[in-house]
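> Have a look at this one.
The values are calculated or read from the model by the stated rules, or taken from the named source; none is laboratory data. Keep in mind that what you see is a predicted model, and the values were worked out from it rather than measured. Positions of Cβ are backbone-derived with ideal geometry, glycine not excepted, and every protein chain shown enters the neighbour counts.
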Amino acid sequence: MRVVEDVGASFAGLAAAALRSRDPARPFRLGCSGGSSGVDCFRRLAAEPGVPWTAIECYFADERCVGPDSPDSNAVAIAAALGRVADGLAGFHPMSCEEGPDAYGALLAAAGGFDLLQLGLGPDGHTASLFPGSDGRDAPPGTLVIANADPTGLNRFPRLSLTFEAIARAALVVVAVTGADKAEALSQIDAGEDLPGAHIRGGQVVWLVDHEAAGGAASRVGS
């Protein structure tokens with residue numbers, strides 16, 4: 001776990017470094033999450049100089065089943081965070097609840113694993129839209145995207161979400177965690193409790209955590 005002063009700026013630096021070492025023979029596959037941490041991460045990346053936007057294809061970790069223009073849509077929020085640079089992307093691939101999880105899973109399977117996937121962490125320990133106690137915790141092998149919902153109802157709207165298998169196919173996973181409301185969940189993950197965020201795997205997993213979220217968690221959570 002890296003406790004940093006500015007999570008968004010640290011993410012932008014990591015992403016820019018990964019892009020500099022990309023394979024120039026194919027697009028760079030960037031996975032986006034919504035929420036306040038995701039929006040800040042991609043707003044800061046959009047301001048990073050020298051990012052080769054025409055080489056980047058954006059995919060999504062999860063999406064709420066709302067209208068395509070809804071302010072609750074992750075795709076809407078990330079497009080706004082990227083601003084003008086979104087027009088230059090090699091591809092922008094929102095999830096569609098109408099098309100369903102299998103269609104997006106097929107898209108991801110054809111694209112291959114993410115080069116970089118940004119995730120967040122909820123106050124309840126969820127990541128993407130994989131909630132404590134939800135059906136999404138035990139997706140069948142080979143499944144990359146599922147329909148899911150928070151069984152407690154605290155997080156509104158049915159969702160589409162990556163599975164843990166899809167997350168684990170990413171070369172680099174960056175988990176951005178901000179705010180004191182995440183401190184308890186992060187501490188529980190640090191202590192080895194079975195929250196969804198504890199199951200994040202990837203080629204490399206980097207946790208970027210601000211001081212408010214870090215609390216006493218600093219030993220077990222990955223680098």
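> Just for the stretch 109-123: of the residues that are under 19 Å from P94 (Cα atoms) and touching a Ser or Thr at 6+ places or on another chain (Cβ under 7 Å), which one is surrounded by the most Cβ atoms within 10 Å (Cβ to Cβ)? First the steps, then the outcome.
Within the stretch 109-123, the subset under 19 Å from P94 (Cα atoms) is 109-120.
If we keep only those that are touching a Ser or Thr at 6+ places or on another chain (Cβ under 7 Å) too, we end up with 118-120.
Working: Q118: 26, L119: 28, G120: 24.
Among those that are under 19 Å from P94 (Cα atoms) and touching a Ser or Thr at 6+ places or on another chain (Cβ under 7 Å), it is L119.
> Test each condition in (1) touching a residue at least 40 places away in the same chain (Cβ under 8 Å); (2) part of a helix (DSSP H, G or I); (3) closer than 23 Å to R201 by Cα for R29 and report the one that comes out false.
(2)
> Sticking with this structure for a sec: Listed residues E5, E48, E57; which is more than 25 Å from G215 (Cα to Cα), surrounded by fewer than 19 Cβ atoms within 10 Å (Cβ to Cβ), in contact (Cβ under 8 Å) with a residue 40 or more places away in the chain and over 14 Å from the mean Cα position of the chain (by Cα)?
The match here is E57.
> Six or more apart or on different chains, Cβ atoms under 6 Å: show the pairs whose first residue is in the stretch 103-122 and under 12 Å from E57 (Cα atoms) and whose second is among the hydroxyl-bearing types (S, T, Y).
Sorted first by the residue in the stretch 103-122, then by its partner, the list stays empty.
> If you don't mind, another one. Which one of A170, A81 is assigned to a loop (DSSP other than H, G, I, E, B), closer than 13 Å to C32 by Cα and touching a residue at least 12 places away in the same chain (Cβ under 8 Å)? So that I can check it myself, show each step before the final result.
Numbers: A81 fails: assigned to a loop (DSSP other than H, G, I, E, B).
When all the criteria are applied, what remains is A170.
> List, please: which pairs have Cβ atoms under 9 Å, are six or more places apart or on different chains, and start with a residue in the stretch 134-161 that is more than 13 Å from V66 (Cα to Cα) and among the basic types (K, R) and end with one that is assigned to a loop (DSSP other than H, G, I, E, B) and modelled with pLDDT of 95 or more?
Pairs found: R137/F131.
> Can I ask one more? Of (1) among the aliphatic types (A, V, I, L, M); (2) within 19 Å of L172 (Cβ to Cβ); (3) at pLDDT 95 or above; (4) not in a helix (DSSP H, G or I), V66 satisfies all except one. Which?
Answer for V66: the failing condition is (2).
> Give the number of residues within the stretch 124-158 that are closer than 16 Å to L108 by Cβ, of a type in the set (V, I, T) and surrounded by fewer than 21 Cβ atoms within 10 Å (Cβ to Cβ).
1
> Read through the list (1) out of contact with any Leu (no Cβ under 7 Å at 6 or more places or on another chain); (2) at pLDDT below 95, then give the number of the only condition that G120 fails.
The single condition G120 does not satisfy is (2).
> While we're here: Do you know which residues across the stretch 11-43 are of a type in the set (A, V, I, L, M, F, W, C) and farther than 19 Å from A109 by Cα?
Across the stretch 11-43, the qualifying residues are F11, A12, L14, A15, A16, A17, A18, L19, V39, C41, F42.
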